[in-house]
Structures are given as structure tokens and as C-alpha cells.
Amino acid sequence: MQSRVEPVLIVGGGPVGLALAGDLGWRGIPCMLIEQSDGSIYQPRMDLVGIRTMEFCRRWGLVPAVEGSPYPRDYAQDNIYLTSLTGYELGRERFPGIGQAPPPKESPQRRERCPQNLFDPILRAFAASQPSVTLRYRTRLVSFTQKTDLVTALVENTETGAGEEIIARYIVGCDGARSLVRETLGIRMSGNPVLTHTTNVIFRCPHLLSLHDKGKAYRHIFIGPEGTWATIVAINGRDEWRFSLIGGTEQREYTTEQIEAAIRRAVGCDFEFEILSVLPWVRRELVAERCRTGRGFIAGDAAHVMSPTGGFGMNTGIGDAVDLSWKLAATIAGWGGCDLLDSYSAERQPVGARNVAEASGNLRRMLAVGRHADLLDATPQGAATRATVGREFSETMRREWHTLGIHLGYRYEGSPICCPDGTAAPPDDPRTYLPTARPGHRAPHAVLADGRSTLDMFGPGFTLLCLRADAADAAPLLDAADAAPLLEAAKRRQVPMAFAAIAEPHIAALYQRKFVLVRPDGHVAWRDDRMPADALRLIDVVRGAVRAADIASGKPAVQAVDISSTL
């Protein structure tokens, strides 16, 4: 049995694990990812790359690859509510094709339609391109133990059965809802373990659009006399479709004949199609009580399991990966403080709980249609029922389709590594996003005079912005001198920090303070119109060496320990 040492061992090669590996590699941190399968996706579970995830793709240089996905960019993204494809249309929320919709003013990116079987290979290529990243497929985690200074994992080659011992500084479970890493760490989940038993069926039918008059749409929600019972989603915008038969809380198995009959009921006619795969699954509403135990962490579905209603799951997980990545990188490089890694759970666990709750709310709204025995009747009363159901359902579902606040409006309220400035938090509205540079929030997007986004200024380290509403020839030099205390403090603590002076009125008005310190993940750590009275103490807070709440108590800062030489 051979053994080797890795700074970070990532368990699970889905989009969250791949994003974590890629981001660590982008930061120059060695890591190994193990995945028990060969990485092939037979049932794409997600097809929406959210706007914040696309902003991360922007910094990774992956936007062209995602936009180049084979999904037709002119394919209408409408959501239709109907009795069947050949039956009554009850309502419709219209959206243009992905390529026809400009980014919202709050971001340089737009959401993208790139199913998991197309998105995972993009992330895999990104991770594999990093010299410090090792990807090991067909490698299964058997068990692991941890001590105060390392983790020892036993893994197994799923083809040969050969065992291997891997020693790592940290282990991260990106291994899904049934996470072995989470179970071994003793982290409990709370919530509802069964919302519905649902069966997904991928089927192929190149001529489906010719069978009905509803036109192109992304999602079709089918409502019968019993209520909402199924959906069909355009997986690739051409010939593959995902049919979801929504069950109840009791498990039920369907025969091939029953599945075929259900698909024909949804379409409304007899037609030929090919079933490619069938996947029964359980819709859950679960949140981990914490995201860390010792040197072990969990991310993605291992930390929060949610209904796909809203498309938050993978995007929340990639947010986990980016938050954890820079903190692991800082700790491994030696400038991260002793409390930095604890801030991962403090920041991401509440975001996971928030998004899980919103996803479950979306499910409840989708299933809220009551029984209407006359829904299909070709009578005036049937028409009146359809009009009422369509109107009420359309209004109810609108909340799921407009979720900019979920994707961009999450914030790290009460984070131990952010310094509050005394301003009130804006409403956390899932539908709308109010840009703000308040500490704990995503540093907002604005277009610079040279055409770049402010987001393009934020690299793998901290970024100190100096913002002024007026322009002067010597301004950059003067601003750098003004910022010297914080820049010098960062240098003393070996914290990587870039500096940028911006003299553009609209950006100064948006950020509201002269000095804004942006973290390596693009969130604001601190802002003020003056340099801090104790710049070194501020640096110690944002690097996790002392908590913001401890400043007033006079708790001494903890020096960073350089452990990089021991890796």
C-alpha cells in the first residue's frame, strides 16, 4: 500500500468538487480530487448556470466555453403551464433565448443554460489545466481519520480494488447528499428528508415540437384535475427531454409501460420516443448543522440538499467552493489566521439554509394547485376554472422565475472576518437585488471607463479600492499615499493585496465610501472614508487572526503561522 501527502483532498468530482479543485489550482494550491465514477453524466441534474456562478466563470476564463455550449442560444426559455402539450394552455411566463437576453445592469454576465453533462466537462478541463491539481477518477473513498495536524484517507480503485493511503492537510466532502465525509465527521442534517419521491426520465424525440402548437419553451408544468403532476424540460433544445413524474411522500416504482403512458398523457397523443434513462430520486429539504469538523469540511449537496425548484443547488455549492477555496489557500500559504477556516461555516451555513428554504417554498407553490374535477371539461364552467387556475398559478410561479436576489443578494451578516460599518442591511428579497458595498455583501458591478467591470479588478488576493468622485492628474499617487497604512499592514502580515484608485463618480456613489477592501472571493470585508486607526488590527480581522467582535474587548491578534514549508 502506497501513501502520499496532499495539502487538500477533495472527495467528489461533480461541479462543486471540480470548481473547488479548479479554484485552488487557480490560486496555485496543490490538491487532489477523487471521484468513484468515470465522470460521465447520464442524468443531468441541473441545467442552469446562475449569474453569480457565471461571474466566477468570468474570473476563471470559462465564459466563452459556457456560451459555446451546444444548447441553442435562440431557443425560447418560456415556462408554460398546461394540461398537456396538445391540450389547454393555462398560462405562460415568457423569456427570450439565452443568447438574446442581455445581462442585467447589476452584472457583467447573464445566467446560462448549460446542462450538467455539458458544464461538468468545462469545469473538469479547467481543473485539469491547473498544474497543481490532480484528478483521480474511479477512485472511491473507503474511510478516513484525522489528527490535529493531518487527515489519513483510505481509498480504493473501483476497477482493480487496489487500496491506497492518502495523507492530506485537509479533506473536503463534495460527495453529495449521502456524503461519507459528512457522516464520518459526525455532522447532522436537519429538515425534511422526504418532500417527494420523483422519477426523472430522459427521453429522445426529435419531432416533439411538431406534435403540438405551444411552440418552443424550456419548461412545461402539467396540471390535471388532481393538481400539478409532472414537468417536461428541454434538456438540449433539440431532441432530448427530461420528464419528471412528481410523486408524493410514499415511494413508488413505475413499470416501463406506466412511464410511457405518463409521458404520452403529458404530450396528449400517441407518439414514438426512446427512453434513454430512468432515475428515481427523493426531493429533500436538509441543512447541515455546521460545515466543518477539525480538518474536514463539506460543501454542496453534502452541506445542503434542496429541491431543484429554482435552480439553486449547484450554484449554492459553487459559492461554497469559492468561499472555502481562498480560506484554505490563505491558511496553507501561511497568512491565514487561526479563525479563518471557522468563518467558512459561519458564512456559508446560513446561505445554504436560506436557499434550501426558498427552493422548498418554490416546490410548495408549484404543488399548491388544488383538485379541479372540471379542469378538462369543454364547457363554460371548465373554461372558467382553467382561467382562474391559470391566472392564480401564473402569479404564484413568478417568484421562482425572478430570483436575482437569491443569486446576487446573499450576504455574510455577522461574519467574524468582516468589519460592520453600522449601516442597516437591505432587505433580503429573493426576487430583487439592491447593489451595495456594505461589508459582507458581494462587491457590486459597475462599468469602468475602459469598459471593464469592477469585478474584473478582483484577483486571488485582497483588493483595496480608493474611490473618488473627481479626477485629478496626480490622484493615483495621492490615493496610494493615503492608503499606505493598510497596504503596509498587509505587507507586514504577508497578506496579498492589490491597490486600485478609481476616480469615476458613478462608482464612488455606488460604493459610498472612499476606501473599500474586497476579499479574495469578491465580497467586501471593510469600508470607510478614512484609514483605520489600527491598520494592523484590521488586517488581523480580515485574515481571521482575531474576530471583529474582539476588537473592542482588546483581545490580542494571533500571528500567522507559516506551515507551507511542511506541506
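The residues neighbouring Glu504, those whose beta-carbon lies less than 12 Å from its own, together hold a net charge of 0 under the Lys/Arg +1, Asp/Glu -1 convention.
Residues with beta-carbon under 9 Å from that of Cys419, excluding Cys419: net charge, scoring Lys, Arg +1 and Asp, Glu -1? Summing Lys and Arg as +1 and Asp and Glu as -1 gives -1. Stretching the chain fully between Ile41 and Thr388 yields a gain of 120.9 nm (0.36 nm per residue, less the alpha carbon separation). With all protein chains kept in place, the per residue accessible area of the chain amounts to 40 square angstrom at a probe of 1.4 angstrom. If Lys and Arg each add +1 and Asp and Glu each add -1, what is the summed charge of the other residues whose beta carbon sits under 12 Å from the beta carbon of Arg264? Overall, the nearby charge balance is -3. For the chain, adding -39500 (n - 2.57) for each run of n ≥ 4 DSSP H residues and dividing by the number of residues yields -9000 deg cm²/dmol at 222 nm.
Report relative contact order for the chain in percent, whole number only (criteria: Cα-Cα under 8 Å, sequence separation at least 6). Relative contact order of the chain: 15 percent.
Only one item in (1) 23.7; (2) 26.8; (3) 25.2 matches Kirkwood radius over Cα pairs in Å derived from the coordinates shown, and that item is (3). Helix 342-366 against the longest principal axis of the chain: what's the angle in degrees, Cα atoms only, rounded to the nearest 10? Once rounded, the angle reads 20 degrees.
The phi torsions of the stretch 288-297, fed into the Karplus equation with coefficients 6.51, -1.76 and 1.60 and a -60° offset, translate into couplings of 5, 5, 7, 10, 8, 9, x, 9, x, 10 Hz, rounded to whole numbers, with Gly and Pro shown as x. Placing unit charges on the Cβ atoms of the charged side chains and taking the dipole of the stretch 240-383 about its Cα centre, the candidate lying farthest along the positive direction among Ala303, Gly317, Thr293 is Thr293. Taking every alpha-carbon pair under 8 Å whose residues sit at least 6 apart, the stretch 194-236 reaches a relative contact order of 24 percent. Relative to the longest principal axis of the Cα atoms of the chain, the long axis of helix 313-333 lies at roughly 20 degrees. DSSP assigns beta bridges within the chain; of those with both partners inside it, close to 70 percent run antiparallel. Could you give the length gained on full extension between Ala481 and Glu159, defined as 0.36 nm per residue of separation minus the Cα-Cα distance, in nm? Once the chain is fully extended between Ala481 and Glu159, it gains 109.8 nm.
Counting protein heavy atoms only, the chain has 52 percent of its accessible area on carbon and sulfur, 1.4 angstrom probe. Between the stretch 186-264 and the stretch 343-403, what's the alpha-carbon centroid distance in Å? The stretch 186-264 and the stretch 343-403 have Cα centres spaced 16 Å from each other. The mean sequence distance of close C-alpha pairs (under 8 Å, at least 6 residues apart), as a share of the length of the stretch 395-542, puts its relative contact order at 28 percent.
Between Leu211 and Arg364, full extension at 0.36 nm per residue minus the direct alpha carbon distance yields a gain of 52.0 nm.
The values are calculated or read from the model by the stated rules, or taken from the named source; none is laboratory data. The structure displayed is predicted, hence computed values, not measured ones. Cβ coordinates were reconstructed from backbone atoms using ideal geometry, including for glycine residues, and neighbour counts include every protein chain displayed. Ligands, DNA and RNA are excluded from the accessible area calculation, which covers all protein heavy atoms including side chains. Shrake-Rupley method; radii C 1.70, N 1.55, O 1.52, S 1.80 Å.
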